[in-house]
Structure formats: C-alpha cells, structure tokens
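A short worksheet on the structure shown next.
The values are calculated or read from the model by the stated rules, or taken from the named source; none is laboratory data. What you see is a predicted model, and the numbers here were worked out from it, not measured in a lab. Ideal geometry is used to build each Cβ from the backbone, glycine not excepted, and the neighbour counts take in all protein chains shown.
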Amino acid sequence: MVSSNNSIGHTMHQWASDLYPICRSITGNGVRQTLDYFKNILPDLKIHEVLSGTRAFDWVVPDEWNITNAYVADEQGNKIIDFQLHNLHIVGYSEPIDKIIPFEELDKHLHSLPDQPDAIPFITSYYKRRWGFCITDRQRQALRQNPEARYHVKIDSTLAPGNLTYGELIIPGKSEKEILLSTYICHPSMANDDLSGPCVTAALAQWIKNELSNRQNTYRILFITETIGSIYYLSKHHQEMKKNTIAGFVLTCMGDDNVYSYVPSRTGYTLADQVAQQALKHHTSNYIAYTFLDRGSDERQYCSPGIDLPVCSVMRSKYGAYPEYHTSLDDLSFISPVGLKGSYEVMQKCIELIEKNVVYRSTTLCEPQLGKRGLYPNLSTKESKNIAFNMMNLIAYADGKNDLINISEKMGTYAGDLEPLVTALLEHNLLEVVDQ
Amino acid sequence: MVSSNNSIGHTMHQWASDLYPICRSITGNGVRQTLDYFKNILPDLKIHEVLSGTRAFDWVVPDEWNITNAYVADEQGNKIIDFQLHNLHIVGYSEPIDKIIPFEELDKHLHSLPDQPDAIPFITSYYKRRWGFCITDRQRQALRQNPEARYHVKIDSTLAPGNLTYGELIIPGKSEKEILLSTYICHPSMANDDLSGPCVTAALAQWIKNELSNRQNTYRILFITETIGSIYYLSKHHQEMKKNTIAGFVLTCMGDDNVYSYVPSRTGYTLADQVAQQALKHHTSNYIAYTFLDRGSDERQYCSPGIDLPVCSVMRSKYGAYPEYHTSLDDLSFISPVGLKGSYEVMQKCIELIEKNVVYRSTTLCEPQLGKRGLYPNLSTKESKNIAFNMMNLIAYADGKNDLINISEKMGTYAGDLEPLVTALLEHNLLEVVDQ
Amino acid sequence: MVSSNNSIGHTMHQWASDLYPICRSITGNGVRQTLDYFKNILPDLKIHEVLSGTRAFDWVVPDEWNITNAYVADEQGNKIIDFQLHNLHIVGYSEPIDKIIPFEELDKHLHSLPDQPDAIPFITSYYKRRWGFCITDRQRQALRQNPEARYHVKIDSTLAPGNLTYGELIIPGKSEKEILLSTYICHPSMANDDLSGPCVTAALAQWIKNELSNRQNTYRILFITETIGSIYYLSKHHQEMKKNTIAGFVLTCMGDDNVYSYVPSRTGYTLADQVAQQALKHHTSNYIAYTFLDRGSDERQYCSPGIDLPVCSVMRSKYGAYPEYHTSLDDLSFISPVGLKGSYEVMQKCIELIEKNVVYRSTTLCEPQLGKRGLYPNLSTKESKNIAFNMMNLIAYADGKNDLINISEKMGTYAGDLEPLVTALLEHNLLEVVDQ
C-alpha cells in the first residue's frame, strides 16, 4: 500500500467535514463553494459555468436554485422545522413561499420515512416546481397529534436563469490516451453519497499530479453534477473522449468501512473492468460484484449507446444498497479515514495497473536462455525448475497481442505481481514493447 | 392468455375427434379427406398433388396406397382382426392379399408389443412391399394357444402410381420475411402424434389470418407428410425459404397435459430457439430442454446442411418419450382441450414475440429526460429511482444492433414484458426502428 | 487395441533395459550410442551433428561433455562414491578434477535429498562450470560422522568443443501435412523420464512405417536433447514446420502403470489436443488434465510465441508429479511392459484419429434415403428409429465445414466409433471429402 500511515485518510475525512455543511444542489452557490474548496487543493482545477437554457442532447440546463433560509413556525413563532439546522429539511429546488397554512395543507408538503423514523430523507424536484420539507417520521407523527394547528411556512429561495457549474482538471501524460475519473458534487450534507467521491478523487488527482510523474496517460478528472452535468459535458466532449479514453471510473460511495462493491461497464469486459476486478480481488478481502443493471450514477451516460465509454465503478457500500443512503443518517460518522483510504488505495492500484499495462513481445523465438543472464538457476535440481516459472509463463504469452492484464488473466496471477518480472526482462532486452 | 375461456381448446379437440377415424398414410385418400376437412376451416388452404415417381433430392415420391378393407378370419368365418375396428390393425402400405394360411405363416406377419400387452402398435413399410397386421400382444398370445389353426387373410388395398398430397397456406404480411409453421398429417388414428399438431396449426392459422391483422411477417403454413412431404416441398421451395425464413416451428405432439418439451434447431441459437425458450420459461410451469440429437420430425430436413432453416419444436410429451407413442393408446383420451390450448397459447406467444421483435436505436445520445415526458417520477425519492429502471435499461441496450429479444436476454426479463415500455418510448420518439 | 498380446510392451521394455546403463547428457558419446541403438531399430533414422558454438535463436550450442570415470576415495583408497556404479553419482557436465580435499570442502560439492534418504538425485550444470557428486542422503549423513576425513576426488571428464547430436526420421505420407513426434534422449539412467519416451516413439515409428502404409500425413520424428536440441532444430526448420504441422506430441514419461496425464498446447484447442483428449477419454480409465502452465518439456519451445505449433503431451505420471522423478528411484522397475504398451496404444489412437480426420459434406440436400440402400430398417416400428440415428447425426453435421473430430464432439461420441459409419456412407456416395 502507498501510504504507511493513514494521514491521507484523515486528510480526506477532514475535507469531507469541511464540505459537509454546504447546501449543494445541481446548480447554485453550494456547488461553487464546493468547487472553490477543491480549487484550493487542486490549483489547476478549471471551473466552468454553463447558462441556464443551454441544450445538451435531450436535456436543457435548468434554472439556477439558491436558498438562504427556510422554516416552518407554529402559531407561537417557534421554528419547528429549520433549514439552518439541516440542509436536508428542504426539498431540493423548492420554490419560495411565505404563507400561513393549516396542518392539513402543510402535511401534503412533508416527506418522511415511516420505516426509518429517525431519518430525514433527501428529496428533490429539479424539473417540476414544488416546495416541501423533509422531517423525521417521528416528528411528523407528533405534528399529526395537533391536526387543527396552523403554520407559517417560509422559504427564501430563488429559481432563476443562472448557471450550471462544474470543475474540470486535465493532467497531461506522455500519451493522448486518457483515463477518466468522474465524481459528482451535487448532494447536500451527505457523507458517503456524495462527499466521499469528490474527496477521494481530489486526493487521487494530487497523487497523479505529484507522484505519478512518469505517467503515460492523460487524466480527465471531472467534478460535476450527476446526470445533467455529465450529459452536458458529454455533449461538448464525447467525440474526443470516445477517441482517447482507455478506461474510466465513476467515483462515489467510497467512504464507509463495509465490503467493497463493483458495478461493471455495459459490456463488462473493458480495461477498466479488468483492473477494477484485479485490484479488488488482490487488495480487498471481499467485494460484491453487481451487474450493469444495478448501475445508478453517471456511468448511465458514459456507457449509453453511441457514447460507449469503458467506465465502471468501484465503491464501498453501493448507492441504494445501504439503509443510510439518501437520508440524514449518511452523515460524517458513516464514513471513516480508514474507509476512505481503502477506496483511495484500490483506485491507485487500478491506475497503476493501467499505467503499466503494455503489450509486450518476446524478442526471441523459443524461450530465451535465462540462465546466462542470472534469471534462472544454473544448477538444475528437482526444485529449481519452478523458481523462474512465472517468468517463463510471462514470456510464453508475450506474443505481441496480449497486454499485461490479459497475460496475468491467462496466468491466473495478479498483474501487479508481474511488474518485477517485466522490469527484469526489459532490462535484459528479452521483452519489447509493441506500439498500439 | 388470449382466450378467456377454453372454447378454442374444445374446438381443437373436436377437430381431432372428427379426424381421428380417418386412415391416413403418407399418400392416399385419408390424406385428402384430412386436407379437405382443414380446407373447410381454412378456405385459403391450397391442396397440391405430386405424381408418384417425382424426384425430390435423394428421394422419389412413392406409389399411392389406398385401403378399403382388411381382416383375418378364422375357419368359422369370425373376423378375429378387423381393420374396420381400428386403423392401426393394418401395417401401413400393406400390399393386397386374399389367402388361407396356417397360423405359423400368419404369425410372421403379426406385430405386437410384449411390454405393452394391451396396445396395438403403429407399423409401416412405405418403401418395401410387405403385408402385415398389428394386434395387442394379449391377443397374439391367445392365438398362439391354437398353433394348428388356419386363417383367411384378406387385405383390399391398392398400391399404384398416384399422388403425394399436401396442403399449403401462405398468409401474407407487410414484409417478405417469413415464419414457417410445419405440421404433418400422415398418421392414422393417433391423437397426440399426429392429430394434435395439425389441429393446433389450423387454430393458429385462423388466429394469424383474422386477429393478427397488423402482422409484419408472412406465414408459410404446411400440412404435409412427414419426411417425403417436407423433402419434396424443400426441393421446390428451399431457395426462397432460405432467403426469407426468420423462424420456423415443427408442430407435433401438442395435445396432452404433461410437461412441455423443446427440441432446438441445429445451431440452437436462432430466433425460433430464443422465442421458444422465452415463451416456455414465461408461460409454462416447466419444460424439458432436449438437444438437436433428440430430434425426430421434419426439422431433420429443415435443419439439414445446405438447407439450414432456423426451425425448432415446442411440444408437450415428445415423440418417442411417452409410452403411448405410436400405439393405439395414443388415442383421444390422451389429449385434452386444456392440453391443446396450452400449446396453442405458447405458440401464439412465440409468434407475438417474433412480430414485436425489432431492432431499436435510442434517438438521443445519453439518457433521454424521461421526467419531462411523464415517464419518470419528477420527485426524486429513495423509492422512485427503480420505477422507470426497466425503461432506462431498455434504452441503454437500444444500440441499433440488439433486437428486442436480445435486449430482453441481457436484461434477464421476458421480452413480452418490454412491449408496453417500447410502446411508450416509440410514442415519445425516444426509440427509432432500425431497418435491417 | 492393436496388439493382441503384450509383445510390443516387452520389446519396448527390453530396449529401455539395453539403454538404461548408458550415461547420456545433452551432448557426448552417450547420446551417440543411444541414437546408434535406435538406428538399428529404425534404419532410416538420420543422425545429425551440430558444432559447439553454433547459434540457435538466443542460445549457443555448448561444448561437448564426455566422462570415462569418476569416484571419491577415502584415505584407505576405498571408492566410497563410484560413477561406475550409477551414472547419477556425477553432476552432469562436471569438469575434471583430481585432488585430495577435506570433507568440509567435499561436502559443498555433494547433493542429496533429505526427504528421500535412499534416492540419488539427478543434478546437472550445463551452462556453468562446476563439479559435484550426487549420493543418497543416508550415505551423506554417514560421511558427516567423520568430518575430519580427507578424500581423493577424481573426475575423468572432458569439456571441449565438439557437437550436439540428434536423430531425425521423416516418414513421408501422401500429403505434405505433418505430424510431429518429439522425444528426448538426454537423461542418464532414468527409466520413465526419459527412456520411456524414445522407446515408445521408436515403436510408433516402426508401426507408422510398416503398418500405417495408407497414411495421409508425413511424420517428423525427432530424438533430440531437451531444450537446446528442440531450440536448435526449430531454428533450422520452424518455417516449414509452421507451414505443415497439423498436430504434434512431446513423448515423455510414458512407462509407468499410473493414471494418464495430459498437458495441453498453449491455446488448448488444437487438433492434437482434441485427439489426445478423445483417445484418453475413450481408451483409458482416467487421466489428469493439466494446464499449459504445468508444461515442462519441449512444448515450451514448440508452443512459444512466433513458433505456435499445435503440440501437446500425453503421459502416464507427469514429470515433476511423482516422487521418483529425477532420482535413481526412476529405474527400470518403475516402468513396465504394460505401462509402456498403454501409452503406445493411446498414441496409436491419436494418430489414427488424425489420419481419419477429414472434412465431409453430405452429397444431397435433406436427409438421404438410407432405407433403399439397406442402411436404415425399412419396417418402421417404435424401436427402429434409433438404430440408424448416429448415421443420421453424422450426415446432419457433415456440412463441409466440420471435420470428423468436430462432428464427434457435437455428437458427444468418440470419433473412432464413427469410422464404420463414414465407411458405409462413403461407399454409398452419401458423403464426399472436402479438400482443404
């Protein structure tokens, strides 16, 4: 593993803690504050604004939403629901209101989860004008004790032409071939979905820039709004991305300590899928392999027909598959420095495997004479024959067509374990790189 | 299911009852009477006659066989075996005889089944001149008690140049693409093999003509003699059939109440195989999947090398796999209105699946915005995301290459369940049909 | 099976017994004596000499090694280790020495197997100058009782420019297509690895020459040194071999009575692999299927990238997988006439399957009328239908693309069992051979 202590885990967790209170949505100042925070970490991050009304394939960039205050007060003026106490209390994209209404009418605008009586749900209405409040079901039941009460409902929000905001960071490599890292920054005050994703992505971006200095590939790293963000971005860039992208990952739900998850690309057989599965098999104790039918984030766009990018996801607890998902229970206590660091390191392994993934060809017909190069024992005993066997197998499959990942799959080994063998064979000019 | 009550089952069973007494063979008046009966039901059925001696690939149309009477009488003139009592008493294609012979000689011309002592076997000798009688083994053992008796053997039959007769019904659709339904009408007085086949075929033909009025495909429906009938027909039509046929089915053994059976085409992966398996999985409680090595009817010709039509079989109890097969026990009590109706409905489903099987392409890159069209909930809650998920999956695989059957296989769903989704997406111009 | 008694087994075992005392190595007079012995059996065997220093791909033919005497004597002149008693006492390619040394120094040059205290190990040092003796671990422990003793170490060997020697036998067939049989003759005084290999190969060569007189294929039969021998041979012949070889086998470890073994080619799907697996399934009670990763002999060269020959191995106990391997315990008692004969017969079956493996096409569209040719019962009863069914299946797959081996795999039968059917169908002109 890369870091000997868990400082990177604590760093990521601190970032998540700093960003947790911000009220993010798919547009608005919460997104801008979040991107500004990451620009401090990643000075090369470019922040783009896209005007409301801009078309993107079948979609149109919606009006921008901002909110400064919202509450429900009883007849005595007590704020019984207060947006200042939790961002999730407000339905995302709620329109402004300032009205006194009976409980019966208020109740139609309340959302709660009977099965999770202590959780505030995360509810949005991006594309239809609504207003609403989210509360625990316990509170809602208490309010229902007093059906005759009247309430002052106040939402100080604006819904008006503005911008969709996103961050883009291109870290160039030697090659035009690209690896896509895409994360989203549109959820308010939830830790695993979504803060864990951008925090791991930012840490990876620092590592790629500063430590992966010999990188072959170019990295396209996106901090965007889910769905409309990726759709807009693809509408601008899909042709170049389709040409250059050799692997991509959607980074989300990476912070908890539970077993890992993997959601494949549409075909399931891309380089991204190969390295994700190898890294998970080798570097975690276990993981759940979902199918493409279980997808739920921006791979929906990246893998759509005609776009067809090789994008999969490595997660801890998958969105939709843990009870805290999309509620106030997905808070900072649900993620941990250790959980974040585990995801970060698995992604590092994926990237390292891709960086090292080259098509090799043996420079000689038949086996080379390893013994004269000190790569094979020159005393032949019963035991000696197996010692250099992995090296022999690597040469046997280095036919100028199989890349290192494919060779490792044929050998039943972890591709990362082949690196010292490749290094030795390259040093002795027994392998050559095949340009592709 | 199509019919709310079982009137169609009773109708088919009545047809089988009407046709049961006729002495059919591979040629002759029994075939003509049977075809005339179906022409009453299907006025467009064309009845063709092919002269004896006509060549068809490696075969030659044999002489026509007709029989009016046959019996074995004892010395007192008692008819101890009487063709009038059961058509199966006579070996098919028996030559005429009128002779008094000792039991020892008669016994050489008797056929019975020691393992099924109460069954009269079905025996034929189409291509070698013979005569013979089939009886229960119980009767044969009784006759053997009197080895010295002499018997009058009488067969009033003719074997002479005549015709091979078959019925052909072409029901045109919008497209030249064809679906083949092939059944055989050459077995005397047996209910499951073969009367169930032509009765289900006739009911399907009525339904295709009258109710499947919006059909895309053309239907080629054959009532033929097994083997020589299909070989002759292919020798005349195989080039056009090879060009147009997208799926075909041999219809036989469809009347009993036992578990369903499926015999694949030679490759096992044709459209016919796909829909047969989907319909059986979805609309029956269970079925036995045989291999192509278990085939036994006209798919032997349709799937032969160089012909290579995409033809499989959906059955109830498969020929050769039930003890009543090819005996007098395969009588009208072995089939039932419910059994016939089940097969009829599975075949309807196969046909409907093919009719609806189109290659679609999403009209937009990335996912379309379903919400603005009322196809996706515009309030995003924990539960809402799965509601429109099948629609999303359908779009995700609508890449202009996969047809609906292939998409449903990738989605792990029944293709029939996708029809309302396809309808909705077509209405909103979110899918387009790809011409192939 | 070919031979009704086991005379061929005894013959092969006698050959092994005659050859057992010779001190073979990768070069030298032991190899020449061995090849001379086989030239007596196979007069057409050509013996080739290749000068030391000759380059072969990444390798260079080493100096020739010969040895006449070697011993270790105690201070009383008693020979306590004597090469005359067992060839394995000397490390292969030991340089000459004549010196009195203390036990402490001698011990550094001794090799034994603590886990097999009664076995003399087989040790070599072909490519680095060394000297050494191999003894049982029991003897070594006894010598260690007397650590102060001094010993006279004497090795009468020569290591000097000379030749690499190998034997080559080409048995022509009607076609230029070739079957490769490759065995090695470089191990001293061990019976299963390697004498069983050349003895079975020689018996097969006699049989091919004398009894397989109608053979289609040309046979390239090599008696070579492992590794350097096959590498040199390929460096001279790989282009013609790549062009002509349709199947090949490395013959080794074929003499014991244990369960059979199979090591596939690199792809695992060549004609050699198909026939090896069919012959083993049909003609042995069981076999262990290894993977290409378990390989260890000259298939390492034949299957290397760029060479890519279709070569696999059929063995009894596989090299490295039995405790006697590469020790003095792999002696003449470890192999048996029955064990050798079993391997010989499996290889005969492999060769016969290849000789008979032709691509056939049915000469008629639809099924031919087998009945009129006496190939199908002309009385159709419940039982008769299955009798000619294998013949029908064979015709059904004879599409001009599948060869007989592929057809047998589709039919789930042993290809050898199809030969009488093929013969009958050819006689009746119902199949034709497709040139390829």
Condition met for B:Thr364 (over 18 Å from A:Arg300 (Cα atoms) and not in a helix (DSSP H, G or I))
no
Does A:Thr27 count as of a type in the set (Ser, Thr, Tyr), modelled with pLDDT of 95 or more and surrounded by 22 or more Cβ atoms within 10 Å (Cβ to Cβ)?
yes
For residues that are among the hydrophobic types (A, V, I, L, M, F, W, C) and either within 22 Å of B:Leu164 (Cα to Cα) or within 14 Å of chain C (Cβ to nearest Cβ) (or both), scanning just the range B:233-258, find the one that is surrounded by the fewest Cβ atoms within 10 Å (Cβ to Cβ).
B:Met241
When the range B:70-98 is checked residue by residue, the ones that are surrounded by fewer than 13 Cβ atoms within 10 Å (Cβ to Cβ), under 32 Å from the mean Cα position of the chain (by Cα) and touching a residue at least 60 places away in the same chain (Cβ under 8 Å) are none
With the requirement that a residue be surrounded by 13 or more Cβ atoms within 10 Å (Cβ to Cβ), within 32 Å of the chain's Cα centre (by Cα) and not β-branched (Val, Ile, Thr), what does the range B:119-143 give you?
B:Ala119, B:Pro121, B:Phe122, B:Ser125, B:Tyr126, B:Tyr127, B:Arg130, B:Trp131, B:Gly132, B:Phe133, B:Cys134, B:Asp137
Return the total of residues in the range B:399-414 being of a type in the set (A, V, I, L, M, F, W, C) and on the phi > 0 side of the Ramachandran plot.
0
Scanning the range C:23-73 residue by residue, those among the hydroxyl-bearing types (Ser, Thr, Tyr) and in the same structural domain as C:Cys186 (by TED's automatic domain parsing) turn out to be C:Ser25, C:Thr27, C:Thr34, C:Tyr37, C:Ser52, C:Thr54
For the range C:149-173 the number of residues that are among the charged types (D, E, K, R) and crowded, with 19+ Cβ neighbours inside 10 Å is 0
Output the number of the condition that C:Lys410 fails; it satisfies all remaining conditions of (1) at the interface with another protein chain (Cβ under 10 Å from one of its Cβ atoms); (2) touching a residue at least 24 places away in the same chain (Cβ under 8 Å); (3) of a type in the set (D, E, K, R).
(2)
On the given criteria, is C:Ala415 surrounded by 18 or more Cβ atoms within 10 Å (Cβ to Cβ) and facing chain B (nearest Cβ under 9 Å)?
no
Among the residues of the range A:282-296, are any within 14 Å of another protein chain (Cβ to nearest Cβ), buried (at least 22 other Cβ atoms within 10 Å of the Cβ) and closer than 30 Å to A:Ile228 by Cβ?
yes
Would the range B:385-403 turn up any residue that is more than 30 Å from A:Val61 (Cβ to Cβ) and either aliphatic (A, V, I, L, M) or within 12 Å of chain A (Cβ to nearest Cβ) (or both)?
yes
Note on B:Val346: of the conditions (1) of a type outside the set (Ser, Thr, Tyr); (2) surrounded by fewer than 18 Cβ atoms within 10 Å (Cβ to Cβ); (3) away from chain A (no Cβ under 14 Å), unmet is (2)
Out of (1) surrounded by 18 or more Cβ atoms within 10 Å (Cβ to Cβ); (2) closer than 22 Å to A:Asn69 by Cβ, what's the single condition that is false for A:Ile101?
(1)
Looking across the range B:38-56 at residues that are outside any loop (DSSP other than H, G, I, E, B) and of a type in the set (A, V, I, L, M), the single one that is farthest from the other protein chains (Cβ to nearest Cβ) is B:Ile41
Which residues, counting only those in the range C:309-350, are within 26 Å of A:Cys366 (Cβ to Cβ) and either in a helix (DSSP H, G or I) or assigned by TED's automatic domain parsing to the domain that holds C:His111 (or both)?
C:Met347, C:Cys350
For the condition surrounded by fewer than 21 Cβ atoms within 10 Å (Cβ to Cβ), farther than 27 Å from C:Pro305 by Cα and either under 36 Å from the mean Cα position of the chain (by Cα) or within 11 Å of another protein chain (Cβ to nearest Cβ) (or both), what is the one hit in A:Leu379, A:Leu365, A:Leu329?
A:Leu329
